[in-house]
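Report on the following structure.
The values are calculated or read from the model by the stated rules, or taken from the named source; none is laboratory data. Here the structure is a predicted model, which is why all the values come from computation and not from measurement. When we count neighbours, we look across all protein chains shown, and the Cβ atoms used for this are built from the backbone with ideal geometry, even at glycine. Note: areas computed on protein heavy atoms with side chains; ligands, DNA, RNA excluded. Shrake-Rupley method; radii C 1.70, N 1.55, O 1.52, S 1.80 Å.
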Amino acid sequence: MSPPMVDTSAWIRSFHPAPSAPARLVCFPHAGGSASYFFPVSRALSPDVEVLGVQYPGRQDRRHEPCVGDLISLAEMIVPQVEPWLDRPVAFFGHSMGASLAYEVARRLPGVELTGLFVSGRGAPTRVRDEGMHLADDRRLIADLARMSGTDAAVLADEEILRTVLPALRADYRAAETYRYQPGPPLSCPVTALIGDLDDQVSEPEARPWADRTTGPFALRVFSGGHFYLNDHAPKIIDLLRTHLTR
């Protein structure tokens with residue numbers, strides 16, 4: 001159960017390597033997010049679960065690489081990076097755009113049955129919301145970031161940091177907003193949708209149809225809070241993941 005021989009380090013980050021862990025959790029960040037968002041999750045679940053964060057091009061140490069503004073293209077790029085890590089039971093967790101991306105990567109792994117797919121803060125693939133934010137000016141994009149409370153205020157106040165973040169954010173918004181579900185066979189793994197009761201990005205009726213994307217069990221968990229409800233409920237969500245992944 002050692003790391004793969006293929007070098008996947010640009011895309012896949014293992015913050016707390018756990019060679020003896022019986023399970024892995026691959027985490028897909030939100031629009032504008034990075035793999036490091038899941039560092040606390042990795043720390044909390046190690047050594048029982050090895051948590052891997054997906055690092056998209058165009059951010060942090062990959063900031064000089066071209067951003068990818070098409071979700072399907074990004075999913076197809078991630079698949080071969082994830083495949084070498086499937087030597088033990090694996091579940092996926094994705095938040096917001098990351099939920100759609102996790103789902104599309106899972107669809108492209110024929111013969112691989114995940115132990116679970118956790119889709120957070122995102123409506124089912126058949127529910128379309130294109131608010132045109134990827135076409136908005138920088139000021140509106142920054143205001144949207146601030147409104148959802150998913151970005152540190154210090155980042156929003158630093159123009160130099162914003163200049164490095166905005167290209168990736170705009171590409172991610174484009175990927176999320178232009179994504180359209182293409183019909184295909186459902187998954188067979190358990191799917192759990194998690195949302196905040198005050199999240200104006202996804203309602204309960206929009207999240208429930210995730211049940212149609214699998215022949216396996218489905219559960220919907222509603223927490224108090226907005227789009228980044230998970231920041232306030234981290235212990236509960238980590239317990240949920242630990243229980244599922246180690247049972």
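If you count only protein heavy atoms with a 1.4 Å probe, what accessible area per residue comes out for the chain, rounded to a whole Å²?
Values: 11130 Å² over 247 residues.
Accessible surface, normalised per residue, equals 45 Å².
Can you pull the percent of segment 1-137's accessible area that's carbon plus sulfur, 1.4 Å probe, other chains left in place? Don't skip to the end; give the middle numbers.
Numbers: 2910 of 5330 Å².
Whole-percent figure for carbon plus sulfur exposure: 55.
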message = Can you list residues from other chains, or at least 5 along the same chain, whose modelled amide H is less than 5 Å from the amide H of Thr115?
response = Val90, Ala91
Phi to ³J(HN,Hα) by Karplus 6.51 cos²θ - 1.76 cosθ + 1.60 over segment 83-95, Hz, x for Gly, Pro = 3, x, 9, 9, 7, 8, x, 10, 10, 10, 10, x, 10
message = Please list, in order along segment 221-231, the HN-Hα scalar couplings obtained from phi with the Karplus expression 6.51 cos²θ - 1.76 cosθ + 1.60 (θ = phi - 60°), rounded to whole Hz, x for Gly and Pro.
response = 10, 10, 10, 6, x, x, 5, 9, 3, 5, 5
message = Can you tell me which of Gly111, Gly196, Gly94 moves the most in a GNM of the chain? Springs connect C-alpha atoms under 10 Å apart.
response = Gly111
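Can you send over the carbon and sulfur percentage of the accessible area for segment 154-236, probe radius 1.4 Å, protein chains only?
55 percent
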task = Return the sequence-ordered ³J(HN,Hα) values of segment 98-114 in whole Hz as given by the Karplus equation 6.51 cos²θ - 1.76 cosθ + 1.60 applied to θ = phi - 60°, using x for Gly and Pro.
result = x, 5, 4, 5, 4, 4, 5, 5, 4, 5, 9, 10, x, x, 9, 9, 5
ask   = When you count, for each residue, the other Cβ atoms within 10 Å and take the mean per peptide, how do 78-84, 96-102 rank with the highest first?
value = 96-102, 78-84
